[in-house]
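J.: Mind having a look at this structure? Questions to follow.
The values are calculated or read from the model by the stated rules, or taken from the named source; none is laboratory data. Small disclaimer: the values here were computed from a predicted structure and weren't measured. Because the Cβ atoms are built from the backbone with ideal geometry, glycine has one as well, and the counts that use them run over all protein chains shown.
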Amino acid sequence: MRLGPFGPAAQLVRSARGERIGVISFVIPAHNEAELLGRTLVAIHESAQAAGEPYEAIVADDASLDGTGVLAKKHGARVIEVNFRQIAATRNAGARMATGDLLFFVDADTIVTVPVVRAAIGAGGGSAVRFDGPVPLYAAILERVVLPVLLPLLKMAPGCFLFCTRRAYLAAGGFDERLFWSEEVAFGKRLKRLGRFVMLRDFVITSGRKLRTRSALGLLRVGAQLALGQRAGLDYWYGPHVGEATRAPNLVVRSLDHSPMSATHMQTKSLNLIPLKREEVLARVEKMSPAEKAQLSADWLARLHDSTSADPWTYGFSLVHRGTGIAIGRCGYKGPPAADGVVEIAYGVDPDHQGKGYATEAAEALVIFAFGSGRVRVVRAHTLPEANASTRVLTKCRFRYAGEVIDPEDGLVWRWEKHREEGP
């Protein structure tokens, strides 16, 4: 039985090992996180519903002044207001409010995915982590080389996502409120002594905003300050967020009908991606010239005419500029994910609006949506066999050139791919 955002703890599901467990409580500590909290809560709703698990979302609002609590309530979360300005105490306050037998601690700037939610049920531990947009070279090395080796080796859960049973949480004594940083490391060590502790290969997507505003030297300076016991180092966590998130693509995913990954409105820094309806797409096709219709995929046209319900994999999205409300292009997929987990993206921006980064934002949103669905292993794109604007977009989105192929409809093309384990 699938419940809505909330449900009594008496409703039970089973873990992958067949154990009876209760409601999942997602606990989100937050201070002035109105800019990114919305995408976090939407991802929780989408992932938990797609995984078929009963759940609740709890936001522990720690002295926010930017409407964080109001936003959380609009997104269906329960809110507890505290005034600690201390992450460990705020996490514990949220846990005390939770009714579930499983506790998932999620940072307010972090996106969970369906694979992570499914894999975390019935265990304790953490997951791999990816950043949500372009980051400096040192941070990319940290993300791709250092953390994938270091976290599993040390069985050290990243602070942005930890999970455990309520029983283990209580036995471990919760988060140590004497600590203003590294509280998740200390908590993880106590959990490991209690029993099963896993590091998932599946990843969550967390904000790289702090890394985008600091150099490698600046980060080393923070570490030195903390090692010397200087409170200045705490500004890395407790300082203001002003100007940080806006440098990221800042994707927000909003379900329009609360069905998992169906008719979904996505929002980037500059764009609203509005799901197109079947009637709108058919009308666009009818207005096309014979030459334009000849460029359409026969398979896609067949799916379009046979479809009956909202389907972003077939209909795609209209790109609407957030500032002007003007539609500036379209993007989408060439069909639903194949049996091998491959899906192909396509995007186009009207000539008057090209060269402003909108295609990059659209492509990044399509990638995150695809990987977040739990159905996609590889996102693929094809371009003309030459360096052009589209190849630059894919390079910015960290696609890899996979070689030349012959497309049945387009002839010789360059193939580009991005694998799920590489992150969005």
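J.: Out of curiosity, is TYR333 closer than 22 Å to ARG415 by Cβ and surrounded by 15 or more Cβ atoms within 10 Å (Cβ to Cβ)?
T.: yes
J.: Does LEU296 meet the test of being among the hydrophobic types (A, V, I, L, M, F, W, C), modelled with pLDDT under 80, over 29 Å from SER207 (Cβ atoms) and not in a loop (DSSP other than H, G, I, E, B)?
T.: no
Table: residues versus (1) surrounded by 23 or more Cβ atoms within 10 Å (Cβ to Cβ); (2) part of a helix (DSSP H, G or I).
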site	(1), (2)
ASP340	no, no
GLY348	no, no
ASP352	no, yes
GLY355	no, no
ALA362	yes, yes
PHE371	yes, yes
ARG375	no, no
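J.: Need pairs with beta-carbon distance below 8 Å; first residue within 19 Å of THR110 (Cβ to Cβ) and within region 147-163, second polar (S, T, N, Q); sequence gap 6+ or separate chains.
T.: What qualifies is ALA157/SER127; PRO158/SER127; PRO158/THR206; CYS160/THR110; CYS160/THR206; PHE161/THR110; PHE161/SER127; PHE161/THR206.
J.: Here's another thing I want to ask about it. One residue is enough: does region 163-170 have a residue meeting the conditions under 24 Å from the mean Cα position of the chain (by Cα) and among the aliphatic types (A, V, I, L, M)? Write out each step before concluding.
T.: So the first thing to find is which residues in region 163-170 are under 24 Å from the mean Cα position of the chain (by Cα), and the list is 163-165.
Cutting the leftovers down to among the aliphatic types (A, V, I, L, M) gives us none.
The answer is no, given that none of the residues of region 163-170 is under 24 Å from the mean Cα position of the chain (by Cα) and among the aliphatic types (A, V, I, L, M).
J.: Something else: Looking at region 63-109, which of its residues are within 23 Å of the chain's Cα centre (by Cα) and of a type in the set (D, E, K, R)?
T.: ASP66, LYS73, LYS74, ARG78, ARG91, ASP107, ASP109
J.: Check every one of the strands (runs of 3 or more DSSP E) wholly within region 19-125 and list those with 1 or more residues that are of a type outside the set (Ser, Thr, Tyr) and either touching a Cys at 6+ places or on another chain (Cβ under 9 Å) or under 18 Å from PRO158 (Cβ atoms) (or both).
T.: Counting at least 1 such residues, we get 24-30, 102-106.
J.: Which of the numbered conditions does VAL405 fail, given that it passes all the others? Conditions: (1) farther than 21 Å from GLY133 by Cβ; (2) in contact with a strand residue (DSSP E or B) (Cβ under 6 Å, 6 or more places away or on another chain); (3) surrounded by 22 or more Cβ atoms within 10 Å (Cβ to Cβ).
T.: For VAL405, the exception is condition (3).
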